[in-house]
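Below is one structure; the comments refer to it alone.
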Amino acid sequence: MDVAAAGVNRADLLQRAGHYPPPPGAPEWPGLEISGTVRRLGPGVRGWEVGDQVVALLEGGGYAEQAVVRAAQTLPVPAGVDLVDAAALPEAVCTAWTNLVDTGGLGAGDRVLVQGGSGGVGSIAVQLAAALGAHVLTTAGGPDRAARCLDLGAEVAVDHRSEDVVAAVREATGGRGVDVVLDVLGGGGLRDNVRLLATGGRLVVIGLQRGARGELDLGALMAKRAWVTGTTLRSRDAGEKAALVAAVRDRVWPLIEDGAVRPVVHARLPLEDAPRAHELLESGAPFGKVLLVP
């Protein structure tokens, strides 16, 4: 397909640093999600036509003018979404859906804490959880970013730079805690995240921004009958990804077309400015996604 834009993800930064190699057979350069136009169809491909506007979930290689994608990991650009901005959707939506719903078991009426609601995945997760009828709490760095998370559908947004997150979440939930925590902090957030879980709560770790190691109070976990798990998306096999993309098309794409969930784009940069895009993401300044445009 001809690439209209590629999303920039923290996984790209890890790959560049040598800590997150691509799966066997994947291109060696970064890029896990793209939008663009179908240029040519492979043998036996059904359901797509040359010229279709699509987004795709990749194992790598999205930083390019053209890319080969699996038909089963491809989705139509949702109605009402700009072709370039659509590149902010596939990785974030698939990550948010599988971890909130498939793994976290999030349902209507549940309380969920999205750590880092201003990030590329977090900004989608806040909207998605709200659209599913959950009570959404989130964290962000600074009052302005917290306020923008409220605009996305969060009921409570805690400025982690100036507020005590544990105290704020406990107050907001009447001391009960939350049913699901979607966490990007990793080891450095483990203790507090467990403290914030309600009885039967689920902590789903999808990032390691504060390190890979932390101390776990097993007594607290047992007393709450809670559990902790961690997941990645890139390493899943093609069959798992195809099933996930199909579920997203069925369950999330209608929410996007209805306007309940929308891509959040911080900046569009030329493809040749990929180093600057990585610097921007590393700075923590973006609210939502940074996109690279060939």
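The values are calculated or read from the model by the stated rules, or taken from the named source; none is laboratory data. The structure presented is a predicted model; accordingly, all values stated were derived computationally and were not measured. Ideal geometry is used to build each Cβ from the backbone, glycine not excepted, and the neighbour counts take in all protein chains shown.
Can you work out which of the residues in segment 79-89 that are surrounded by 24 or more Cβ atoms within 10 Å (Cβ to Cβ) and touching a helix residue (DSSP H, G or I) at 6+ places or on another chain (Cβ under 8 Å) is farthest from Val264 (Cα to Cα)? Among those that are surrounded by 24 or more Cβ atoms within 10 Å (Cβ to Cβ) and touching a helix residue (DSSP H, G or I) at 6+ places or on another chain (Cβ under 8 Å), it is Leu89. Tally the residues that are assigned to a helix (DSSP H, G or I), surrounded by fewer than 21 Cβ atoms within 10 Å (Cβ to Cβ) and not charged (D, E, K, R), restricting the search to segment 131-151. Total satisfying the criteria: 4.
When we screen Gly109, Gly105, Gly116 for residues that are in contact (Cβ under 8 Å) with a residue 24 or more places away in the chain, surrounded by 24 or more Cβ atoms within 10 Å (Cβ to Cβ) and not in a strand (DSSP E or B), the only hit is Gly116. Would you check which residues across segment 261-294 are under 16 Å from the mean Cα position of the chain (by Cα) and among the small types (Gly, Ala, Ser) and list them? Of everything in segment 261-294, those that are under 16 Å from the mean Cα position of the chain (by Cα) and among the small types (Gly, Ala, Ser) turn out to be Gly284, Gly288.
Across segment 3-33, the qualifying residues are those that are under 16 Å from the mean Cα position of the chain (by Cα) and part of a loop (DSSP other than H, G, I, E, B), and the one among them that is surrounded by the fewest Cβ atoms within 10 Å (Cβ to Cβ) is Asn9.
Tallying residues that are surrounded by fewer than 20 Cβ atoms within 10 Å (Cβ to Cβ) and either in contact with a strand residue (DSSP E or B) (Cβ under 7 Å, 6 or more places away or on another chain) or part of a helix (DSSP H, G or I) (or both) within segment 172-199 yields 9. Condition first: among the aromatic types (Phe, Trp, Tyr) and surrounded by fewer than 19 Cβ atoms within 10 Å (Cβ to Cβ). Can you find one or more residues in segment 282-293 that meet it? Taking every residue of segment 282-293 in turn, none turns out to be among the aromatic types (Phe, Trp, Tyr) and surrounded by fewer than 19 Cβ atoms within 10 Å (Cβ to Cβ). Answer yes or no as to whether Ala72 is at pLDDT 95 or above, surrounded by 15 or more Cβ atoms within 10 Å (Cβ to Cβ) and part of a helix (DSSP H, G or I). Yes. Which one of these does Gly36 not meet: (1) over 21 Å from Gly239 (Cβ atoms); (2) assigned to a loop (DSSP other than H, G, I, E, B)? Condition (2) is where Gly36 drops out. None of Ala87, Ala96 is part of a helix (DSSP H, G or I), touching a residue at least 60 places away in the same chain (Cβ under 8 Å), over 24 Å from Gly186 (Cα atoms) and under 15 Å from the mean Cα position of the chain (by Cα) except Ala87. Annotation note: Cβ proximity below 6 Å between a residue of segment 1-30 that is acidic (Asp, Glu) and a residue that is buried (at least 24 other Cβ atoms within 10 Å of the Cβ) (sequence gap 6+ or interchain) occurs for Asp2/Gly36; Asp12/Pro30.
Within segment 110-158, which residues are over 24 Å from His278 (Cα atoms) and among the polar types (S, T, N, Q)?
Within segment 110-158, Gln127, Thr138 qualify.
When Gly42, Gly61 are checked against the criterion of being of a type outside the set (D, E, K, R), part of a loop (DSSP other than H, G, I, E, B), outside the structural domain of Gly211 (by TED's automatic domain parsing) and on the phi > 0 side of the Ramachandran plot, a single residue qualifies: Gly61.
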